[in-house]
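Before any comments, here is the structure.
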Amino acid sequence: GAVVSQHPSWVICKSGTSVKIECRSLDFQATTMFWYRQFPKQSLMLMATSNEGSKATYEQGVEKDKFLINHASLTLSTLTVTSAHPEDSSFYICSGTSGGPQETQYFGPGTRLLVL
Amino acid sequence: LAKTTQPISMDSYEGQEVNITCSHNNIATNDYITWYQQFPSQGPRFIIQGYKTKVTNEVASLFIPADRKSSTLSLPRVSLSDTAVYYCLVGDTYKYIFGTGTRLKVLA
């Protein structure tokens, strides 16, 4: 299957600082990328969808000014958590797909964020 | 969007075949059925996808009856390393909704 990487794999930061997470599709062009959040013992929740070169579409309840998403190329998307607070501590997972609505999403390994 | 229902958890023993059934009564004509596996602190891993009848790959089989209102993921001869959460997803890849999944525990 296609490979998606994320960096960093884990990050600890102080409350009020910003954190950037990178998501890369290594062997395919991801026309669409997705960002999910997963709290312990819970399922994945879609935060936003982005297409290369376009503004991201955020799910209801997700603050677009807090979670900045950039999808500058067909292989790179970034999620910046601005002014992070302890409640933003979570597991963030990205995924990408290369084609139409029936194309499989390929997921990255996830990034564990801990805000102190 | 078709909602899915899966058992919350299942236990099995090593070497057994495990069948996990997913109910999706409102599946649309164009919807595909996709299964993912997730280990703790990892992203979901694609297992198999199908539209109707039976699909088989090197790790699993997917059985879909004619009415497509349910599907069954079959894992042959599970091992301890198959302990994970399994998600059934139905519909458009642009709007995946992850349910609770099925937490499979394989016992020695």
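Counting, for every residue in B:85-98, the Cβ atoms of other protein chains within 10 Å of its Cβ and taking the mean gives 4. Per-residue 3J(HN,Hα) values for region A:87-96, derived from phi via the Karplus relation 6.51 cos²θ - 1.76 cosθ + 1.60 with θ = phi - 60°, read 5, 7, 4, 5, 9, 9, 10, 10, 8, x Hz in sequence order (x marks Gly and Pro). Among beta bridges identified by DSSP and lying wholly in the protein assembly as shown, the antiparallel ones come to about 90 percent.
Grouping the Cα pair distances of the protein assembly as shown into 5 Å bins from zero gives a pair-distance distribution of 1, 7, 14, 18, 18, 16, 12, 8, 4, 1, 0 percent in increasing distance order.
Express as a percent, rounded to the nearest 5, the fraction of DSSP beta bridges in chain A (both residues included) that run antiparallel.
90 percent
Applying a 4.7 Å Cβ-Cβ cutoff to chain A, the cysteines left without a disulfide-compatible partner are A:C13. Spin-label model, B:D67 to B:S41: label points 7 Å out along the Cα-to-beta-carbon direction sit 4.4 nm apart. Charge tally for B:V78 (other residues, Cβ to Cβ under 11 Å; Lys, Arg +1; Asp, Glu -1): -2. Note on chain B: antiparallel DSSP beta bridges, both residues inside, total approximately 85 percent of the bridges counted. For B:N26, the residues 5 or more places off, or on other chains, whose built amide H falls under 5 Å of its own are B:K3. For each pair in B:K3/B:K95; A:K55/B:K95; A:K14/A:K66; A:K41/B:K95; A:K14/A:K41, compute the distance between the two Cα atoms and list the pairs where it is over 19 Å. Over 19 Å apart, Cα to Cα: A:K41/B:K95; A:K14/A:K41.
By the beta-carbon count within 10 Å of each Cβ, the least crowded to most crowded order of A:F28, A:F107, fewest first, is A:F28, A:F107.
The value of relative contact order for chain A, using C-alpha pairs under 8 Å at least six residues apart, is 37 percent.
Our summary gives chain B a relative contact order of 37 percent, counting only alpha carbon pairs under 8 angstrom and 6 or more residues apart. Residue by residue, region B:48-59 carries 3J(HN,Hα) couplings of 6, 9, x, 10, 7, 6, 10, 10, 9, 10, 6, 10 Hz when phi is fed to the Karplus relation 6.51 cos²θ - 1.76 cosθ + 1.60 (θ = phi - 60°); x denotes Gly or Pro. For region A:54-116, the Cα-based Rg and Dmax, in that order, read 13.1, 40 Å. Phi angles of region B:66-77 translate, via the Karplus equation with coefficients 6.51, -1.76, 1.60 and θ = phi - 60°, into HN-Hα couplings of 4, 7, 6, 7, 8, 8, 10, 8, 10, 10, x, 6 Hz per residue; Gly and Pro are given as x. The fewest-to-most ranking of B:Y13, A:Y106, B:Y32 by surrounding Cβ atoms within 10 Å reads B:Y13, B:Y32, A:Y106. Shape annotation for region B:1-86: C-alpha extents along the principal axes are 37, 25, 21 Å, from largest to smallest. With the convex hull drawn over the C-alpha atoms of region A:13-99, the volume per residue is 99 Å³. The order of A:V81, A:V62, going from fewest to most other C-beta atoms within 10 Å of their C-beta, is A:V62, A:V81.
Every number in this text was worked out from the coordinates using simple rules, so none of it is lab data. As the structure is a prediction and not an experimental result, all values here were calculated from the model. Counting neighbours? That spans all protein chains shown, and the Cβs are built from the backbone with ideal geometry, glycine included.
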